[in-house]
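What follows is one structure encoded as structure tokens, with my remarks underneath.
The values are calculated or read from the model by the stated rules, or taken from the named source; none is laboratory data. Small disclaimer: the values here were computed from a predicted structure and weren't measured. FYI the Cβ positions are ideal-geometry reconstructions off the backbone, even for glycines, and counts take in every protein chain you see. The area values use the complete protein model at the heavy-atom level, side chains included, leaving out ligands, DNA and RNA. Shrake-Rupley method; radii C 1.70, N 1.55, O 1.52, S 1.80 Å.
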Amino acid sequence: MQYIHSPQDPRLADYQLLKAKEETSDKFIADHEKTAVRLLNSSLSVESVFCMPKYWEKHKELILSRIPDVNRCFIADKQVFEETIGFSVHQGFMAVGYQKWSELSKATAPILFVNSIVDSENIGSIIRSAAAFGIKTILFDNKSASPYLRRSVRVSMGSLFQIQLVRTYNSTETINTLKETGHTILSLSLPREGKILSSKIQSIYETGKQTKFVLVLGNEAEGIESNILNLSDKLVYIPMKNQIDSLNVSHAFAVALSHLVDAPF
């Protein structure tokens, strides 16, 4: 392992001043002990680790099983570690991995389609719920935030490492392809968004358990794009009381999944 004495060490370029840094790259940062450990236990390629001495001792066997080249294992005391990344931490263990994307042709149901969701924390929370309820594939359109942004990875607690991720650039074409291969398209949508499509509107309580389905989640402010609503088989909504008409998108997603998928036990 390489002991680091300066936060300006050029070998730490991937880790330096992370708070102000979200570069376009095929790499990503796992910046929490549990997340970094899940990365090391996943099938994704790992470039390096950066940690405080106690985490090196705790996880040395796992680290060296994935990164046998000790020149890519960096250790620093707390002060140097925090000055390098640009903020204080409770857990001084990070890793750099390489993004992994799949193809639409390999998508396996149940599937989540993320439509124009831009908040990275929402993305992370959605991924965590998706993994918990057994979603196998998540499709991201080109207007949505990347699931590999540092905050998304952190909030997801590394859940994205066990789900197929697909980037799609044409929502209409993608939805049509999924319909042609026998998938039911369910859009989680407020009733007011589908007034002209009233025959498709259905309470989540009436929808029942699903198997080969795609659940679409829309933008936090604008909802799901009209072309996707028009192609959907059902527009499902969550009835609410006390004049509450909407939930945070990640919370609504978890509620919907609890009614659509069989218990994972």
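What single numbered condition from (1) closer than 27 Å to I238 by Cα; (2) assigned to a strand (DSSP E or B); (3) at pLDDT 95 or above fails to hold for Q202?
Single failed check for Q202: (3).
Filter the range 78-113 down to the residues that are outside any helix (DSSP H, G or I), under 22 Å from L12 (Cα atoms) and either modelled with pLDDT of 95 or more or touching a strand residue (DSSP E or B) at 6+ places or on another chain (Cβ under 8 Å) (or both) and list them by number.
Narrowing the range 78-113 to residues outside any helix (DSSP H, G or I): 86-103, 107-113.
From the residues that got through so far, the ones that are under 22 Å from L12 (Cα atoms) too are 86-99.
If the condition is that a residue be outside any helix (DSSP H, G or I), under 22 Å from L12 (Cα atoms) and either modelled with pLDDT of 95 or more or touching a strand residue (DSSP E or B) at 6+ places or on another chain (Cβ under 8 Å) (or both), then G92, F93, M94, A95, V96, G97, Y98, Q99 are the ones that fit.
Please go through the range 22-63 and give me each residue that is open to solvent by less than 80 Å² (accessible area, probe 1.4 Å) and small (G, A, S), ordered by number.
Within the range 22-63, S25, A30, A36, S42, S45, S48 meet the criteria.
Give me the residue from the range 219-236 that is in contact with a helix residue (DSSP H, G or I) (Cβ under 8 Å, 6 or more places away or on another chain) and part of a loop (DSSP other than H, G, I, E, B) and, out of that set, nearest to S171 (Cα to Cα).
For the range 219-236, the residue satisfying everything is E225.
Which of the residues spanning the range 64-82 are open to solvent by 20 Å² or more (accessible area, probe 1.4 Å) and touching a Cys at 6+ places or on another chain (Cβ under 9 Å)?
Scanning the range 64-82 gives a single hit, L64.
State which residue pairs qualify: first residue without any contact (Cβ under 8 Å) to a residue 60 or more places away in the chain and inside the range 28-44, second residue basic (K, R) and in a helix (DSSP H, G or I) in any location, beta carbons under 7 Å apart, and separation of 6 or more residues or different chains.
L40/R66
Tell me, please, whether a residue that is surrounded by fewer than 16 Cβ atoms within 10 Å (Cβ to Cβ) and modelled with pLDDT of 95 or more can be found in the range 147-158. Quick ask: steps written out before the conclusion?
Filtering the range 147-158 down to residues surrounded by fewer than 16 Cβ atoms within 10 Å (Cβ to Cβ) leaves none.
Checked against the condition, which is being surrounded by fewer than 16 Cβ atoms within 10 Å (Cβ to Cβ) and modelled with pLDDT of 95 or more, the range 147-158 yields no hits at all.
When you check F161 against the structure, is it crowded, with 16+ Cβ neighbours inside 10 Å and either without any contact (Cβ under 8 Å) to a residue 60 or more places away in the chain or farther than 26 Å from L40 by Cβ (or both), yes or no? I'd like the intermediate steps shown before the answer.
Numbers: crowded, with 16+ Cβ neighbours inside 10 Å: yes; either without any contact (Cβ under 8 Å) to a residue 60 or more places away in the chain or farther than 26 Å from L40 by Cβ (or both): no.
So F161 does not fit the description; no.
Just checking, does the range 115-138 include any residue being open to solvent by 10 Å² or more (accessible area, probe 1.4 Å) and farther than 30 Å from I228 by Cβ?
There is no residue in the range 115-138 that is open to solvent by 10 Å² or more (accessible area, probe 1.4 Å) and farther than 30 Å from I228 by Cβ.
Please give the number of the condition I85 fails out of (1) closer than 27 Å to S258 by Cα; (2) in contact with a helix residue (DSSP H, G or I) (Cβ under 6 Å, 6 or more places away or on another chain); (3) open to solvent by less than 10 Å² (accessible area, probe 1.4 Å).
The failed condition is (1).
Give all pairs with beta carbons closer than 9 Å in which a residue from the range 1-19 that is farther than 13 Å from G86 by Cβ and part of a loop (DSSP other than H, G, I, E, B) meets a residue that is modelled with pLDDT of 90 or more and open to solvent by 100 Å² or more (accessible area, probe 1.4 Å); count only pairs at least 6 apart in sequence or on separate chains.
Partner pairs satisfying both residue conditions: I4/R11.
State whether one or more residues within the range 167-184 are at pLDDT below 90 and at positive phi.
no
If you take the residues in the range 217-258 that are of a type in the set (D, E, K, R) and modelled with pLDDT under 90, which one is surrounded by the most Cβ atoms within 10 Å (Cβ to Cβ)?
E220
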